[in-house]
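In what follows, a single structure is set out as structure tokens and then discussed.
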Amino acid sequence: QVPFVESGGGLVQPGGSLRLSCVVSVSIRLFNAMGWYRQTPGKQRELVATFARDGRTNYADSVEGRFTISRDNAKRTVYLQMDSLKPEDTAVYYCNNIPPYDAAWGQGTQVTVSS
């Protein structure tokens with residue numbers, strides 16, 4: 001069973017917003033840190049947002065100020081609120097542990113930013 005199931009992607013115009021969800025099949029508290037990654041064809045997967053066990057968050061420079069990561073331990077869900085989206089944010093988005101568990105990658109959710 002894949003422990004991470006992502007959803008919430010879609011087609012949005014530049015400047016728009018989306019909220020991604022990642023449902024975790026086990027308690028989030030088991031993870032030291034969790035993150036949202038993204039990947040576009042021909043490129044390596046990129047870590048864009050992290051949420052540490054102590055509540056600290058961190059973001060890639062490319063999304064700083066536009067994306068917000070959060071989590072709900074009771075719902076075993078990690079969220080990524082994405083605002084002011086740009087065409088270069090187009091990618092498949094995944095969640096995983098930090099560092100990632102190679103065997104735990106889910107299907108991801110496609111985000112397309114286009115007019």
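The values are calculated or read from the model by the stated rules, or taken from the named source; none is laboratory data. The structure presented is a predicted model; accordingly, all values stated were derived computationally and were not measured. Here the Cβ is made from the backbone with ideal geometry for all residues, glycine too, and neighbour counts use every protein chain on show. Remember, those area values only see protein heavy atoms, side chains included, never the ligands or the DNA or RNA. Shrake-Rupley method; radii C 1.70, N 1.55, O 1.52, S 1.80 Å.
Here are a few things to note about the model shown:
- Scope region 45-102; condition farther than 15 Å from Gly35 by Cβ and among the hydrophobic types (A, V, I, L, M, F, W, C); matching residues: Ala74, Leu85
- Enumeration of residues in region 65-81 that are in contact with a Leu (Cβ under 7 Å, 6 or more places away or on another chain) and either hydrophobic (A, V, I, L, M, F, W, C) or open to solvent by 70 Å² or more (accessible area, probe 1.4 Å) (or both): Phe67, Ile69, Leu80
- When Ser84 is tested against (1) crowded, with 21+ Cβ neighbours inside 10 Å; (2) in a loop (DSSP other than H, G, I, E, B), exactly one condition is not met: (1).
- Residue that is nearest to Cys22 (Cα to Cα) [pool: residues in region 106-115 that are of a type outside the set (A, V, I, L, M, F, W, C) and assigned to a strand (DSSP E or B)]: Thr109
Here's the yes/no breakdown for (1) polar (S, T, N, Q); (2) closer than 13 Å to Tyr79 by Cβ; (3) part of a loop (DSSP other than H, G, I, E, B); (4) open to solvent by 40 Å² or more (accessible area, probe 1.4 Å):
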residue: Gly16; (1), (2), (3), (4): no, no, yes, no
residue: Val23; (1), (2), (3), (4): no, yes, no, yes
residue: Met34; (1), (2), (3), (4): no, yes, no, no
residue: Arg38; (1), (2), (3), (4): no, no, no, no
residue: Gln44; (1), (2), (3), (4): yes, no, yes, yes
residue: Leu47; (1), (2), (3), (4): no, no, no, yes
residue: Val63; (1), (2), (3), (4): no, no, yes, no
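- Residue match in region 25-34 (condition: closer than 21 Å to Ser84 by Cβ and either aromatic (Phe, Trp, Tyr) or touching a Gly at 6+ places or on another chain (Cβ under 6 Å) (or both)): no
- Cβ pairs under 8 Å, 6+ apart, first in region 31-55 and of a type in the set (A, V, I, L, M), second at pLDDT below 90: Ala33/Arg53; Met34/Ile28; Ala52/Asn32
- Verdict on Ala103 being at pLDDT below 95, part of a loop (DSSP other than H, G, I, E, B), of a type in the set (Gly, Ala, Ser) and loosely packed, with under 14 Cβ neighbours inside 10 Å: no
- Val5 vs. criteria in a strand (DSSP E or B), within 27 Å of Ser114 (Cβ to Cβ) and modelled with pLDDT under 95: yes
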